[in-house]
Each structure stands twice: as C-alpha cells, then as structure tokens.
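Note sheet for the following structure.
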Amino acid sequence: MKKTLPTVSAVALTTVLAAPAFAGGPTEPVIDPAPAPVATYAPVATGGDWTGFYAGGSLGYADVTGSTTLGDEVNGLTYGVHAGYLQDLGSIVLGGELELSGADITDDVSGLSVDSVARAKARVGYDAGQFMPYLTAGVAQLTTSGAIDDKDTGYFGGIGLDYQLSDQLTVGGEVLQHKFDDFAGSGIDVEAMSVSARVSFRF
C-alpha cells in the first residue's frame, strides 16, 4: 500500500495555524483601569452678614477733663440711643451711625454740667463671622448747662466690637475719646473718654 505524503502547501498551512499556540495564544486587549474619583470640597463661608439697618441703646460711663477750671473728678453715667446702616463688602464692613447720649455729669468746682453728646459716626469694621471689631470716628456736639449754658462741636475717635447673638440681635462695646477745643469760646479745652455697652436690633 502506498503512503501519501502531505504536500508542501499543507505543511506550511499547518505550521502557520499552529504558531499562535506555541507563542501563548492571541494577545488579550489591555483595558486601562478607571481613574480614581477626585474628592471635591465645597467652599466654607467664614464671614457673617452685617449688611442692613440697625437701631438700639447704650449704657456707659464717661470721664471729662478740662485745660482749666474743671475739677479732678468729673465723671458719671451715660445713656443713649443710636441708629445706623452697615454694608458688608466681604472682609470689610463700612457704615455710618447717628447717636445721642445723655449724661449725668456735673463738675462741683466750676458748676459745669454735661447734658448730652450727639455724634455722627463713620465706621470701618472687619467681618470675622459673628464678631466684628471696628474703628470709628466723626463729629460730636457737646451740650452743657450751669457755668456754661451752651453747645459746641468737636471730634472723636475710638474702637468697638460687635457680636451677633442672632440674625436680629447684636451686642457690643465701644470706647471713644472726644476733644472740644476752646469750648463755646470759654477758653477751656474739654476732653472726654467714654466706655459703653451697646445693644442693637437689626432689620
């Protein structure tokens, strides 16, 4: 019986088909891993909102000194009302205020009594959330009776701190230094330092 030898073409085809099996089979597709999620953080607000009108009252203490004729102990209770407006610009808060303070202060040496002080204030504050430290300055009008029954205009400057108890209620404190040169033409230069606690209602 005669054996049939495979043709060259059949041998070549078998070799080509068998080659991938010896080479490890077809190459598997490479899949890139999904990118890891990136954490995002929402911005956290650190400031408060001080914009708006407000009005309230104050209670404090004042010490008055003069260049001549006034005694060493001219001081007493002060009380007042105020109203103003603040504009919160972000970190900076700007505003204006009108205030009228009465006083229970009489100098026994000269007979001069301090009746009231009216102030027109400019305020510049820093928005620290619920707290707002600020600087203030402006024009003041001092009214007296007794030895000098008159009024005159001077100036003042000072510092303060407000704290928001709620959206409507603010408490704070203020220290002001006043100066009235040649008060009412009397030749007396009057200075006064006042310290007051304040309560304001915002609306």
Overall form of segment 129-203 per C-alpha gyration tensor (a/c, 1.5; a/b vs b/c): prolate
Local net charge near D88, Cβ-Cβ under 14 Å (Lys/Arg +1, Asp/Glu -1): -2
Order by protection proxy (mean Cβ within 10 Å, highest first), peptides 188-194, 58-64: 188-194, 58-64
List D49, D182, D88, ordered by accessible area with a 1.4 Å probe, largest first: D49, D182, D88
Theoretical gain in end-to-end length, L89 to V199 [0.36 nm per residue, Cα-Cα removed]: 37.3 nm
Net charge, D181 excluded, C-beta distance under 10 Å - Lys, Arg +1, Asp, Glu -1: -3
Relative contact order for segment 45-203, counting Cα pairs under 8 Å that sit 6 or more residues apart, in percent: 23
Protein accessible area in segment 47-152, 1.4 Å probe - carbon and sulfur %: 60
For segment 110-202: accessible area per residue (Å², 1.4 Å): 45
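The values are calculated or read from the model by the stated rules, or taken from the named source; none is laboratory data. Keep in mind it's a predicted model, so treat the numbers as computed, not measured. Cβ: placed from backbone, ideal geometry, glycine included. Neighbour counts: every protein chain shown. For the accessible areas, the whole protein counts, side chains as well, though only heavy atoms, and no ligand, DNA or RNA atoms are used. Shrake-Rupley method; radii C 1.70, N 1.55, O 1.52, S 1.80 Å.
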